[in-house]
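Inspection log for the structure reproduced underneath, given as structure tokens.
The values are calculated or read from the model by the stated rules, or taken from the named source; none is laboratory data. In this text the structure is predicted, and so the values were computed from the model without any measurement. Please note: Cβ atoms are built from the backbone with ideal geometry, for glycine as well, and neighbour counts cover all protein chains shown.
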Amino acid sequence: MGELSLIKKKFFDYADSIIENGHLSHAYLIELNNYDDDYSCILSFIKMIILNDKYSSICCSDDPIIHQIDNGNYPDIKFIYPDGNFIKKNQLLELQSDFSNKSLLNGKRIYVIHQAEQLNSSSANTMLKFLEEPEDNIIAILLTDNRYHIIDTIISRCQVLSIKESIDSFVADESIYDLLSCVIHPQDFFIKYNYFISDVIVDKTISKEKFHIIETILVSYLNSKYLSISNLDETIISILKGVSQNKILNIISVIESNLVNLDYNVNYKLWLDSIFSKFIIGG
């Protein structure tokens, strides 16, 4: 394989950490920069899951499973593409029927939804039922070029990954440092509650923006542990020093699953109380 861009290296380093530490989710939503250029990354990620191995290992392996995956012949991987303008309900019902049968290989089974933004209302509801009742060893991979074109209820049930070049774009200031510190030490949020709601995260719009930055910082920090290149400043590194990978992964998961509900939460302060309480529980 050719030399990877920095963003793809980061994607695979993060994927390596998921595989190595047993943090596989039952569902991934992966945001692509370009389908043609990035699809090889998805196939490599699938190989890592099936073989339970790191990216560097599957790149030099002659395992016949790799050739089956490349040729689209691996029996426990199903691909769903839009039928016309949409992904239709009957396609997902057929998928569920196929996966209701026992795997002949007794391993992980994966289904890949291409252009997941093309789910219509009927197929999206069917997809949700599949995601809400995950079975052991069945993993969903939903692909899109823009996560914000996916309905919130689906996003909230997936681990979101990205191969988009914009993933590292953020500006850190004192408010971000303060918020990051309280995300890591959530008890401090309630001590400094008035300061945060009056000066840092004063409304839903600002809160969404700042929590997206916090998520990006945490993903970048995990990646920086494997790469010699980092765009994180010394203050951020100091705040995160000594924080376990498990805790960071949990925080990312809490942010992803709760931000999608922010627009629909009438009482913003209750939403803040809830998300910081979840940081405490997961810590």
Unmet criterion (only one of (1) at pLDDT 90 or above; (2) hydrophobic (A, V, I, L, M, F, W, C); (3) closer than 24 Å to Asp152 by Cβ) for Leu259 = (1)
Working carefully through the options Gln115, Gln159, Gln96, Gln91, find the one that is outside the structural domain of Glu256 (by TED's automatic domain parsing) and at positive phi.
-> Gln115
Is there a residue in region 134-144 that is of a type in the set (Ser, Thr, Tyr) and either touching a Phe, Trp or Tyr at 6+ places or on another chain (Cβ under 8 Å) or not in a strand (DSSP E or B) (or both)?
-> no
Considering only residues that are hydroxyl-bearing (Ser, Thr, Tyr) and within 25 Å of Glu31 (Cβ to Cβ), look in region 85-136 and name the one that is modelled with the lowest pLDDT.
-> Ser121
Criterion (closer than 28 Å to Asn125 by Cβ, acidic (Asp, Glu) and without any contact (Cβ under 8 Å) to a residue 24 or more places away in the chain) met by exactly one of Glu94, Glu31 | Glu94
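Conditions (1) under 21 Å from Ile150 (Cα atoms); (2) of a type in the set (D, E, K, R); (3) outside any helix (DSSP H, G or I); (4) touching a His at 6+ places or on another chain (Cβ under 8 Å), marked per residue:
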residue: Asp16; (1), (2), (3), (4): no, yes, no, no
residue: Ile30; (1), (2), (3), (4): yes, no, yes, no
residue: Ser40; (1), (2), (3), (4): no, no, no, no
residue: Ile46; (1), (2), (3), (4): no, no, no, no
residue: Ile65; (1), (2), (3), (4): no, no, no, no
Could you grab me the full set of residues in region 48-63 that are assigned to a helix (DSSP H, G or I) and hydrophobic (A, V, I, L, M, F, W, C)?
-> Met48, Ile49, Ile50, Leu51, Ile58, Cys59
Collect the residues in region 43-61 that are at negative phi and surrounded by fewer than 18 Cβ atoms within 10 Å (Cβ to Cβ), keeping them in residue-number order.
-> Leu43, Asp53, Lys54, Ser56, Ser57, Cys59, Cys60, Ser61
Do any residues in region 171-190 that are surrounded by fewer than 19 Cβ atoms within 10 Å (Cβ to Cβ) have Cβ atoms under 9 Å from those of residues that are among the small types (Gly, Ala, Ser) and modelled with pLDDT of 95 or more, where the two are at least six apart or on different chains, and which pairs are they?
-> Asp188/Ser181
Residue under evaluation Ile252, criteria (1) surrounded by 15 or more Cβ atoms within 10 Å (Cβ to Cβ); (2) at pLDDT below 85, criterion not met = (2)
Hits in region 112-133 - residues which are out of contact with any helix residue (DSSP H, G or I) (no Cβ under 6 Å at 6 or more places or on another chain) and within 21 Å of Cys41 (Cα to Cα) | Val112, Ile113, His114, Gln115, Ala116
Does Val202 satisfy being over 19 Å from Glu94 (Cα atoms) and crowded, with 18+ Cβ neighbours inside 10 Å?
-> no
